[in-house]
1. All but one of (1) crowded, with 17+ Cβ neighbours inside 10 Å; (2) in contact with a helix residue (DSSP H, G or I) (Cβ under 8 Å, 6 or more places away or on another chain); (3) farther than 26 Å from residue 283 by Cβ hold for residue 185; which doesn't?
2. Taking region 144-168, which residues are more than 15 Å from ligand 1 (Cβ to nearest atom) and in contact (Cβ under 8 Å) with a residue 40 or more places away in the chain?
3. Residue check: is residue 92 at pLDDT 95 or above, surrounded by 20 or more Cβ atoms within 10 Å (Cβ to Cβ), over 23 Å from the mean Cα position of the chain (by Cα) and over 30 Å from residue 331 (Cβ atoms)?
4. Which helices (runs of 4 or more DSSP H) does region 237-341 wholly contain that include 1 or more residues that are within 16 Å of ligand 1 (Cβ to nearest atom), within 16 Å of the chain's Cα centre (by Cα) and under 14 Å from residue 183 (Cβ atoms)?
5. Give all pairs with beta carbons closer than 8 Å in which a residue from region 19-33 that is in contact (Cβ under 8 Å) with a residue 40 or more places away in the chain meets a residue that is assigned to a loop (DSSP other than H, G, I, E, B); count only pairs at least 6 apart in sequence or on separate chains.
6. Among the residues of region 39-51, are any out of contact with any strand residue (DSSP E or B) (no Cβ under 7 Å at 6 or more places or on another chain), over 23 Å from residue 326 (Cα atoms) and not in a loop (DSSP other than H, G, I, E, B)?
7. Consider residue 185 carefully, then state whether it is in contact with a strand residue (DSSP E or B) (Cβ under 8 Å, 6 or more places away or on another chain) and under 22 Å from residue 115 (Cα atoms).
8. Please pick out the residue among 106, 141 that is within 20 Å of residue 249 (Cα to Cα), surrounded by fewer than 17 Cβ atoms within 10 Å (Cβ to Cβ) and either more than 25 Å from the chain's Cα centre (by Cα) or within 15 Å of ligand 1 (Cβ to nearest atom) (or both).
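The values are calculated or read from the model by the stated rules, or taken from the named source; none is laboratory data. Since the structure is predicted, the reported quantities are computational estimates derived from the model, not experimental observations. Here the Cβ is made from the backbone with ideal geometry for all residues, glycine too, and neighbour counts use every protein chain on show.
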Ligand SMILES: Nc1ncnc2c1ncn2[C@@H]1O[C@H](COP(=O)(O)OP(=O)(O)O)[C@@H](O)[C@H]1O
Ligand SMILES: [Mg+2]
């Protein structure tokens with residue numbers, strides 16, 4: 001079976017690495033020439049909406065998926081005339097626009113931060129009036145790693161935030177003073193069967209994920225259940241096939257959905273070593289029509305992103321239980337270049353090694 005993947009970044013690379021042992025072959029469509037997938041699978045270099053590139057990509061693939069959520073919807077719909085595309089375009093449509101996404105959560109009675117769509121300066125003033133401050137102003141589309149966002153602490157911040165972002169449709173969200181951030185990752189197969197990973201606890205710096213602990217510490221069964229129900233509702237509504245991630249804020253007893261990703265997710269990288277079947281393998285299994293594998297965690301894991309500069313591999317691998325994943329990307333400030341997963345039987349062991357790992361990464 002030949003699986004076509006739109007997007008040739010690290011997520012695509014890890015999908016192909018997980019799916020190859022299952023006897024599957026992969027082809028990527030990706031605009032960049034030195035993309036992370038270029039060295040491991042057949043690559044078609046071209047724009048996602050270039051008719052010729054898209055036709056070459058579609059020719060002979062049995063099924064298509066995507067690892068990048070901003071692929072044009074029209075291209076995905078066109079691909080559907082050649083082969084099945086999973087997750088369904090409806091999921092992509094919901095996730096590409098923060099307003100659609102939050103409205104979907106609201107329709108399913110999944111709690112979120114208060115939000116209001118903003119299309120003009122006067123609407124921004126009204127939204128600030130309604131939601132109060134502090135608040136976060138976000139572009140509805142194309143934001144990632146905290147890009148396209150401005151914090152509004154006081155009324156003085158409104159004008160400059162509008163100045164910075166105001167030429168595209170926006171969303172104003174109430175600022176949530178959360179205790180921590182969590183994410184739930186679920187996978188749904190073509191028959192509607194679902195599996196869920198244990199919640200991960202995620203730390204962001206400047207909007208970029210820096211660290212995940214998994215299974216997240218101190219998670220009562222009721223919290224895990226609630227998160228699974230939210231993910232299940234989203235997947236069932238969309239007749240979803242593949243891996244889905246929902247980022248959550250935990251504030252006391254409250255669990256609020258922040259955003260969803262219709263794809264494998266950075267906060268699930270720990271599942272490669274930390275569970276029986278990784279999010280990548282399960283995504284590929286779902287897309288290829290295979291049974292899903294167990295999501296059972298093997299001990300405890302911590303995942304740390306390598307951002308901006310490349311570390312000395314030997315110094316990291318010297319830490320017991322460390323697994324290094326480099327994506328083959330050129331260093332650039334703020335860019336995700338790889339990650340390290342630490343896995344051990346006891347969370348205390350992981351915590352001690354994590355301190356060592358973060359010290360060594362800082363010294364890199
Ligand atoms: N309404 C909010 N209240 C508090 N923190 C927020 C809010 N929205 C975003 N953040 C912080 O910014 C990070 C990035 O925002 P997010 O909406 O997830 O955008 P991105 O698409 O860039 O990941 C979140 O993980 C969280 O740490
Ligand atoms: Mg996010």
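1. (3)
2. Listed by number, the residues that qualify are 162, 166.
3. On the way: at pLDDT 95 or above: yes; surrounded by 20 or more Cβ atoms within 10 Å (Cβ to Cβ): yes; over 23 Å from the mean Cα position of the chain (by Cα): no; over 30 Å from residue 331 (Cβ atoms): yes.
Spelling it out, it is not the case that residue 92 is at pLDDT 95 or above, surrounded by 20 or more Cβ atoms within 10 Å (Cβ to Cβ), over 23 Å from the mean Cα position of the chain (by Cα) and over 30 Å from residue 331 (Cβ atoms).
4. Values: elements: 271-274, 279-287, 313-317.
Of the helices (runs of 4 or more DSSP H) lying wholly inside region 237-341, none has at least 1 residues that are within 16 Å of ligand 1 (Cβ to nearest atom), within 16 Å of the chain's Cα centre (by Cα) and under 14 Å from residue 183 (Cβ atoms).
5. 19/288; 22/288; 22/290; 24/1; 24/288
6. First, pick out the residues of region 39-51 that are out of contact with any strand residue (DSSP E or B) (no Cβ under 7 Å at 6 or more places or on another chain): 39-40, 47, 49-51.
Among the residues that remain, those that are also over 23 Å from residue 326 (Cα atoms) are: 47, 49-51.
Going one step further and asking which of them are not in a loop (DSSP other than H, G, I, E, B), we end up with 51.
Yes, there is a match, as at least one residue in region 39-51 is out of contact with any strand residue (DSSP E or B) (no Cβ under 7 Å at 6 or more places or on another chain), over 23 Å from residue 326 (Cα atoms) and not in a loop (DSSP other than H, G, I, E, B).
7. On the way: in contact with a strand residue (DSSP E or B) (Cβ under 8 Å, 6 or more places away or on another chain): yes; under 22 Å from residue 115 (Cα atoms): no.
The answer is no for residue 185.
8. Numbers: 141 fails: within 20 Å of residue 249 (Cα to Cα).
Just one listed residue meets the conditions, 106.
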